[in-house]
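The values are calculated or read from the model by the stated rules, or taken from the named source; none is laboratory data. Because the structure is a prediction, the values reported are computed rather than measured. Every residue, glycine as well, gets a Cβ built from its backbone with ideal geometry; the counts of neighbours run over all protein chains shown.
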Amino acid sequence: MRAPGAAARVVFLKECRESLRDRRVLLNALLIGPLLGPLLFVVLLRLTVSRQLEQAVRPLPVAIVGAARAPNLVADLQQQGLQVLDGGGADPQQAVRSQRVALALRIPASYSADWRAGRPAQLEIFYDSSRRDTGPALQRLRAMLDSYAQRTAAMRLMVRGLAPTLTTPLLLAGRDQATARGRGALLFAMLPYFLIMSSLVGGMWLAIDSTAGERERASLEPLLINPVPRDRILLGKVLATCAFNFASLTLALLAFLVAGYFLPAAQMGVSFSFGPGVIGSILPVMMPLVLLIVVAQILVTAFARSTREAQTYLGLLQLLPIIPSVVLSLLPIHSRLWMYAVPLLGQQLSIMQLLRGEALAPGPTVLSALATLLLAAAAFWAARRNYETERLAISV
Amino acid sequence: MILAQDLYKSFGTLCAVGGVSFSAHDGQITGLLGANGAGKTTTLRMLYTLMRPDRGRILVDGLDATREPVAVRRRLGVLPDARGLYRRLTARENIAYFAALQGLSGALAAERIDQLIDLLGLQAIADRRTEGFSQGERLKTALARALVHDPRNVLLDEPTNGLDVMATRTLRDFLRSLRAQGRCVLLSTHVMQEVTALCDRIVIIAQGRVVADGTPDELRELSGQHSLEEAFIQLIGAATLEAPA
């Protein structure tokens, strides 16, 4: 008699051989799966960062009404990077409302008289806070005006023989304690998702083909007539899908390693470790999840009558891992032990920890792996039950 | 040797097979003849253990199909209605996959595969991928993989469906050679010429029940008709009339 695993091995080898000849599978497992995540990540991150940088260095366009009333002020503002727009016309309110300009500054007629008399001279800023870019631009304009006011105040005090420090009773210095979370924090919270995505895409076609595809091409019935228990056939298919999924994940990690060099980490003020050591630790963290993903995909697609139907089901399954990512990025909740017992969430937390350069605690790591494996086993049991049904083989 | 005793199978409220009994003997070609939807495929699926009968018993070479399905499958070579091949594998690889699943390996498997490729005239296409094969080429490949483990009993569901004249002729000759080797051959068909040309025994099925069972001569006698086709119409018509509405 044969060893019990022999049939599973036969199925595994055949699935691998067939898939290696399938351009669609190869494209997904070796190209799209591994590259999509890192590429998307780098592009998104660069876009965000360069946008922020540009905004800081770019001239700040502001429409000024009554510039002739305060030539010194306007000249100073221009030196600080302000660009005078003539779009303002006589009605700054209307100019901002109609979105012709983002910011407008009105210097009223009373300005020069107040200024010369040493009374507070009023200025009006017009802006629309519901526009996305208004916040930073408004802050910059205020900072410029503040700076001008401060310098003028200091000068006036010195003229009167007083120390300018009199008007500065407090000196503030901010010390940001958010270690590795810079401006790209949201994107970093998405990074584990990009990794999981490559794992989802990697074995997708194989999972679809393994049951729905075979049934559609009418090869499942002859296969199941062989004197082999059906769970062995299922096991062979799961292992083959795992192999492709795992290859895809490994390639994705290597791609991230390369992508790390193209990240504008310095400009972001974000320290982020993605060296070979981190990758070596992420792989074992992801292994139980790979198994769970594969079994879930095979379970779901086995219910589909055609590959098209199977694709629809998988599309929905694909959305599932976004949920913990979004939750983690929106709510900066502290990780609790129970979270590691939730498959997907546990792996995301562990990967984030590794990326921040922290060491993994053994307790949560083992808990996460066990919980995920348990769910994978349950999914395998369900898939096996489905495989034992009579209607599985029937193509119609 | 295949023995079917009083088989029943329902899908929901639909009774597909309602009391089928017959036997198929070694060294004979037995034909299950019936119109589309008469219950032939369901009967065969129960015989090759893909489905469990609701009632009744199946013995293959004396083994109970419900109790020992794996052992029974080892003794059966099956060409089901679904005969899809793996398009990205060559004909030889398709056959070798099933050989491996049957537990054959190494030189024995290679020898057996070569033998079947010769017997079925597949030499020219054996190492081509099956994508783009003609119906006849596909059937031969499916037949080779069904017989790779040298089974004593051969079940074929509508084997000549979609074949041209030449391919049909080759297939018939091949089935006769299986009979000559002393195997038990059981095929289903709705084509009258098929049974006339091939079968030693005919089991006529209508509405899930056996309405007649015998040699072609016996059936002609039973119905009082000269041609087998007339006999078939007569017997099926009788079954339709008898069946409770």
Next item on the list: Examine the stretch A:25-36 for a residue that is surrounded by 13 or more Cβ atoms within 10 Å (Cβ to Cβ), over 30 Å from A:Gln99 (Cβ atoms) and of a type in the set (S, T, N, Q), and state whether such a residue exists.
Entry: yes
Check: Among the residues of the stretch B:182-216, which ones are among the aliphatic types (A, V, I, L, M) and free of Cβ contacts under 8 Å to residues at least 40 places away in the same chain?
Finding: B:Val191, B:Ala197, B:Val211, B:Ala212
Item checked: Segments classed as helices (runs of 4 or more DSSP H), wholly inside the stretch B:130-245, with at least 3 members that are more than 16 Å from the chain's Cα centre (by Cα) -> B:135-146, B:165-180, B:216-223, B:228-242
Note to self: Restricting to the stretch A:159-200, and then to whatever is surrounded by fewer than 24 Cβ atoms within 10 Å (Cβ to Cβ) and of a type in the set (Val, Ile, Thr), can you tell me which residue is modelled with the lowest pLDDT?
What the structure shows: A:Thr179
Notebook entry, point to check: Of the residues B:Gly62, B:Gly27, B:Gly31, which is assigned by TED's automatic domain parsing to the domain that holds B:Gly162 and surrounded by 18 or more Cβ atoms within 10 Å (Cβ to Cβ)?
Noted result: B:Gly31
Item checked: In the stretch B:91-129, the residues that are at the interface with another protein chain (Cβ under 10 Å from one of its Cβ atoms) and either part of a helix (DSSP H, G or I) or surrounded by fewer than 17 Cβ atoms within 10 Å (Cβ to Cβ) (or both) -> B:Glu93, B:Asn94, B:Ala96, B:Tyr97, B:Phe98, B:Ala99, B:Ala100, B:Leu101, B:Ser105
Item checked: Where B:Ala16 falls short, out of the listed (1) of a type in the set (Gly, Ala, Ser); (2) part of a strand (DSSP E or B); (3) at the interface with chain A (Cβ under 8 Å from one of its Cβ atoms) -> (3)
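Could you check the stretch B:43-52 and list, in sequence order, the residues that are in contact with a strand residue (DSSP E or B) (Cβ under 7 Å, 6 or more places away or on another chain), within 14 Å of chain A (Cβ to nearest Cβ) and crowded, with 23+ Cβ neighbours inside 10 Å? Reasoning before the result, please.
So in the stretch B:43-52, the residues in contact with a strand residue (DSSP E or B) (Cβ under 7 Å, 6 or more places away or on another chain) come out as B:43-44, B:46-48, B:51.
Next, only the ones that are within 14 Å of chain A (Cβ to nearest Cβ) stay: B:44, B:46-48, B:51.
Of everything in the stretch B:43-52, those that are in contact with a strand residue (DSSP E or B) (Cβ under 7 Å, 6 or more places away or on another chain), within 14 Å of chain A (Cβ to nearest Cβ) and crowded, with 23+ Cβ neighbours inside 10 Å turn out to be B:Leu44, B:Met46, B:Leu47, B:Tyr48.
Quick one: which residue in A:Ile107, A:Ile125 is within 45 Å of the chain's Cα centre (by Cα), surrounded by fewer than 19 Cβ atoms within 10 Å (Cβ to Cβ), of a type outside the set (Lys, Arg) and at pLDDT 80 or above?
Values: A:Ile107 fails: surrounded by fewer than 19 Cβ atoms within 10 Å (Cβ to Cβ).
Going through A:Ile107, A:Ile125 in turn, the sole match is A:Ile125.
Given the options A:Ala207, A:Ala149, name the one that is closer than 30 Å to A:Leu289 by Cα, at pLDDT 85 or above and away from chain B (no Cβ under 14 Å). Explain how you work it out, then say what you get.
Values: A:Ala149 fails: closer than 30 Å to A:Leu289 by Cα.
Exactly one of A:Ala207, A:Ala149 is closer than 30 Å to A:Leu289 by Cα, at pLDDT 85 or above and away from chain B (no Cβ under 14 Å), namely A:Ala207.
So, in the stretch A:345-391, exactly how many residues are within 14 Å of chain B (Cβ to nearest Cβ) and modelled with pLDDT of 85 or more? Even if it seems obvious, please write down each step before you answer.
Initial filter on the stretch A:345-391 (within 14 Å of chain B (Cβ to nearest Cβ)): A:387-391.
Still in the list and also modelled with pLDDT of 85 or more: A:387-390.
Number of matching residues: 4.
If you go through the stretch B:63-81 one residue at a time, do you hit one that is of a type in the set (Gly, Ala, Ser), assigned to a loop (DSSP other than H, G, I, E, B) and within 13 Å of chain A (Cβ to nearest Cβ)? Write out each step before concluding.
Narrowing the stretch B:63-81 to residues of a type in the set (Gly, Ala, Ser): B:65, B:71, B:77.
Now narrow it down to the ones that are assigned to a loop (DSSP other than H, G, I, E, B): B:65.
Applying the additional criterion that residues be within 13 Å of chain A (Cβ to nearest Cβ) yields B:65.
The answer is yes; a qualifying residue exists.
Could you list, in sequence order, the residues of the stretch A:216-226 that are polar (S, T, N, Q) and either more than 7 Å from every other protein chain (Cβ to nearest Cβ) or more than 12 Å from A:Val11 (Cβ to Cβ) (or both)? Before you say what the answer is, go through the steps one by one.
To start, the set of residues in the stretch A:216-226 that are polar (S, T, N, Q) comprises A:219, A:226.
Correct list: A:Ser219 only.
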Next item on the list: Could you tell me which of the residues B:Val195, B:Val148, B:Val211 is within 23 Å of B:Tyr8 (Cβ to Cβ) and β-branched (Val, Ile, Thr)?
Entry: B:Val211
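Tell me which helices (runs of 4 or more DSSP H) are completely within the stretch A:327-396 and hold 2 or more residues being out of contact with any Ser or Thr (no Cβ under 7 Å at 6 or more places or on another chain) and under 30 Å from B:Gly37 (Cβ atoms), or say none if there are none.
Working: elements: A:337-340, A:345-355, A:362-388.
Counting at least 2 such residues, we get A:362-388.
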Next item on the list: Among the residues of the stretch B:64-122, count how many are over 14 Å from B:Val148 (Cβ atoms) and among the charged types (D, E, K, R).
Entry: 7
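Conditions tested, residue by residue: (1) farther than 30 Å from B:Ser105 by Cα; (2) assigned by TED's automatic domain parsing to the domain that holds B:Glu93; (3) buried (at least 21 other Cβ atoms within 10 Å of the Cβ); (4) of a type outside the set (Gly, Ala, Ser).
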site	(1), (2), (3), (4)
B:Phe174	no, no, no, yes
B:Ser188	yes, no, yes, no
B:Asp200	yes, no, no, yes
B:Ala206	yes, no, yes, no
B:Asp213	yes, no, no, yes
B:Glu218	yes, no, no, yes
B:His226	yes, no, no, yes
B:Gln234	yes, no, no, yes
Checklist line | Extreme residue, surrounded by the fewest Cβ atoms within 10 Å (Cβ to Cβ), among residues of the stretch A:227-242 that are touching a residue at least 40 places away in the same chain (Cβ under 8 Å) and within 11 Å of chain B (Cβ to nearest Cβ) | finding: A:Pro229
